[in-house]
Amino acid sequence: MPPLLLLHGFPLDHTLWTPQVEGLAGITEVIAPDLRGFGQDGRAVPEAMTMEAYARDVKGLLDDRGID
């Protein structure tokens, strides 16, 4: 089964998905990252953060994990 990617909305963080991550742990890999500027993400936030930049960040995360 392919991994499941869960993205939080503004202004939340990955903890929004804790029940789902725990409930699905035995079924599939669940990826619930903190988006740039939220939760435990420590990356610098540019003056203007766009949806395209968030998409690049998420693509980079998936690429780093070898997920198409």
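Exactly one residue among PRO33, PRO19, PRO11 is open to solvent by 50 Å² or more (accessible area, probe 1.4 Å), part of a loop (DSSP other than H, G, I, E, B) and not charged (D, E, K, R), and that residue is PRO11. Apart from one condition, GLU52 fits all of (1) under 19 Å from ASP64 (Cα atoms); (2) outside any helix (DSSP H, G or I); the exception is (2). Within the range 41-67, the set of residues being of a type in the set (D, E, K, R) and open to solvent by less than 40 Å² (accessible area, probe 1.4 Å) comprises ASP41, ASP57. A search for C-beta distances below 6 Å between a residue of the range 35-49 that is closer than 17 Å to LEU5 by Cα and any residue that is modelled with pLDDT under 95, counting only pairs 6+ apart in sequence or on different chains, returns ARG36/ARG43; ARG36/VAL45.
The values are calculated or read from the model by the stated rules, or taken from the named source; none is laboratory data. Nothing here was measured: the structure is a model prediction, and the numbers come from that model. Please note: Cβ atoms are built from the backbone with ideal geometry, for glycine as well, and neighbour counts cover all protein chains shown. Side chains included, ligands, DNA and RNA excluded: accessible areas come from the protein's heavy atoms. Shrake-Rupley method; radii C 1.70, N 1.55, O 1.52, S 1.80 Å.
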